[in-house]
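Undergrad: Below is one structure. I have some questions about it.
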Amino acid sequence: MSKPEKIVAIKGMNDILPQDAPLWELFENTTETILKSYGYQKIVTPIVEETRLFSRAIGAVTDIVEKEMYSFEDSMNGDQLTLRPEGTASVVRAVLEHNLVYDGPRRLWYKGPMFRHERPQRGRYRQFFQFGAEAVGFSGPDIDAELIMMCRRLWDDLGIQNVRLELNSIGNAEERARHRTDLIAYLEKHEDILDAEAKRRLHSNPLRILDTKNPAMQEMVNGAPRLLDYLGEESLAHFNGVKNILDRAAVQYTVNPRLVRGLDYYNRTVFEWVTDELGSQGTICAGGRYDPLIETFGGKATPAVGFAMGMERIIELMKAMGEPAQPNQCDVYMVHQGEEARMQAFILAERIRDAGLDVVLHCATPAGAGSFKSQMKKADGSGAAFAVIIGEDEIANNVAAIKSMRGAAGEQQQTSVPFEEVVDHLVDQIISGGGHDHDHDHDHGHVHYHP
């Protein structure tokens with residue numbers, strides 16, 4: 001019988017392996033804590049939506065809709081469906097469908113996988129994960145600045161350095177229309193310099209040409225009409241309001257007149273957090289204001305602003321900053337030899353977990369249960385603060401041997417503790433600094449320790 005062909009992951013859709021999971025958890029936990037501290041609430045939307053949601057929100061003449069969406073027909077009922085390529089449209093759909101701003105503005109956040117059929121490269125994948133925030137119903141420059149400052153706090157808390165903020169205003173639709181007319185006229189005069197992509201976008205989405213990375217076009221693009229010069233009084237006042245708050249809060253930024261958006265629904269403030277640490281994929285967070293979008297979906301005109309950040313790129317940055325990829329698995333590793341010792345280890349492990357500590361119980365493999373020596377090697381590799389050891393002698397004396405694993409070789413101490421006192425002993429040792437750092441609180445009589 002022939003060996004079955006090995007099945008591998010789809011190109012550009014990656015597994016998150018156990019050694020990387022702690023970094024993802026650190027990022028997610030830190031981000032959720034910060035968002036909560038600013039009053040943002042979690043919202044979860046479906047991965048699959050009607051195709052027209054994205055074609056209407058993003059714009060039919062965009063790379064995402066034209067070339068990158070995973071769209072298909074539901075074979076059961078003929079519906080045209082799409083795996084979501086971004087999160088904002090789904091959040092806005094949910095806000096409208098459930099009338100979430102009926103009683104006032106909302107601060108919302110989301111996370112989850114998005115899908116685009118792009119050429120996979122470092123930091124850019126076909127299934128990628130985004131963390132995003134949307135503030136719906138706020139019109140002033142203060143909320144724009146709040147979102148930006150929230151990002152800065154995240155970088156600080158994660159220890160991410162060498163990121164810079166780029167800021168621009170793309171005004172309103174009328175201002176962009178005037179600029180667009182002059183921009184197309186300017187680009188047509190230099191059509192011999194335009195590459196194939198720019199020529200394709202010349203009349204459909206000329207603003208994106210300003211964001212080109214083609215070195216041969218840089219000088220020409222630098223001389224193009226600047227959208228900032230077309231802003232009216234209200235748009236300028238809003239932009240200046242954002243800058244004033246950032247200045248007072250000592251947030252450094254650069255005004256980049258060429259910073260635009262590929263999505264039709266943006267207006268006024270646009271911003272990006274950029275790094276040089278990831279090669280060409282330098283944007284780790286992008287956002288801006290999208291006041292027209294909700295009305296486009298048939299809702300009442302409602303201002304909104306938000307951002308999205310690519311989680312894979314930030315994980316890459318965390319690795320570059322030296323964040324350890326494999327932290328400790330547990331506080332306690334249970335080592336045992338013999339059937340009675342194994343049963344006692346099970347009981348003790350549960351009691352220790354009741355106290356809020358993380359416990360790994362050594363279990364048998366096809367090679368067997370393993371010797372004390374091999375189990376202690378596993379205990380050391382787990383990063384546990386303590387090994388709880390139970391063998392025939394311990395069973396006979398109704399005690400467990402508790403060994404400190406984190407001191408220097410000569411400082412690793414082992415002590416015998418009666419079974420009924422093991423939990424209190426471990427908790428006392430970890431609180432006093434004998435193990436990992438834990439915060440603790442009290443709940444229903446148990447002490448819970450959160451890494």
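Derivation of every value follows stated rules applied to the coordinates shown; laboratory data play no part. Please read these numbers as outputs of a predicted model, since none were measured by experiment. FYI the Cβ positions are ideal-geometry reconstructions off the backbone, even for glycines, and counts take in every protein chain you see.
Undergrad: Of the listed peptides 24-35, 350-361, what is their order by residue-averaged count of other C-beta atoms within 10 Å, with the highest listed first?
TA: Put in order of decreasing packing, that is 350-361, 24-35.
Undergrad: Taking a cut-off of 17 Å between Cα atoms, list the aspartates and glutamates near LYS189, but don't count ones fewer than 8 places away on the same chain.
TA: Leaving aside aspartates and glutamates fewer than 8 places away in the same chain, those within reach of LYS189 are GLU197, GLU219.
Undergrad: Let me ask something else about it. FRET efficiency for LYS378 and ALA185, Cβ-Cβ distance as r, R0 = 60 Å, nearest 0.05?
TA: After rounding to 0.05, the efficiency reads 0.25.
Undergrad: Could you compute the FRET efficiency for LYS199 and ASN77, with r as their C-beta to C-beta distance and R0 at 56 Å, rounded to 0.05?
TA: Given R0 = 56 Å and the Cβ-Cβ separation, E is 0.85.
Undergrad: Given GLY282, VAL91, LEU317, which one lies farthest toward the positive end of the charge dipole of the chain, if we put +1 on the Cβ of every Lys and Arg and -1 on the Cβ of every Asp and Glu?
TA: Result: GLY282.
Undergrad: What distance in nm lies between label points placed 7 Å from Cα along the C-beta direction at GLU234 and ARG406?
TA: Result: 5.8 nm between the two label points.
Undergrad: If I stretch the segment between ARG164 and THR365 completely, what's the gain in nm (0.36 nm per residue apart, minus their alpha carbon distance), one decimal?
TA: 67.4 nm
Undergrad: Quick check: the distance between the Cα centres of the stretch 89-134 and the stretch 156-183, to the nearest angstrom?
TA: 20 Å
Undergrad: Beyond a 20 Å Cα-Cα separation, which of these cross-linked pairs lie in this structure: LYS319/LYS377; LYS36/LYS111; LYS36/LYS243?
TA: Result: LYS319/LYS377; LYS36/LYS243 exceed 20 Å.
Undergrad: Of the listed peptides 136-143, 16-23, what is their order by residue-averaged count of other C-beta atoms within 10 Å, with the highest listed first?
TA: 136-143, 16-23
Undergrad: Packing-wise, with mean Cβ within 10 Å as the measure, how do 207-216, 312-321 rank, highest first?
TA: Highest to lowest by the protection proxy: 312-321, 207-216.
Undergrad: Let me ask another. Per-residue ellipticity at 222 nm for the chain, helices alone: DSSP H runs ≥ 4 residues times -39500 (n - 2.57), over residue total, nearest 500 deg cm²/dmol?
TA: -10000 deg cm²/dmol
Undergrad: Right, something else. Report the net charge of residues surrounding GLN337, where surrounding means a beta-carbon distance below 13 angstrom and charges are Lys +1, Arg +1, Asp -1, Glu -1.
TA: The answer is -3.
Undergrad: What is the helix-to-structure angle for 173-189, meaning the angle in degrees between its Cα long axis and the longest Cα principal axis of the chain, kept from 0 to 90 and rounded to the nearest 10?
TA: It is inclined by approximately 70 degrees.
Undergrad: Would the chain count as rounded, prolate or oblate if I go by the C-alpha gyration tensor, calling it rounded below 1.5 in a/c and otherwise prolate when a/b exceeds b/c, oblate otherwise?
TA: Prolate, because a/c is 1.5 or more and a/b exceeds b/c.
Undergrad: For ILE431 and ALA301, compute 0.36 nm times the residue count separating them, minus their Cα-Cα distance, and round to one decimal in nm.
TA: Full extension of this stretch gives 41.4 nm more.
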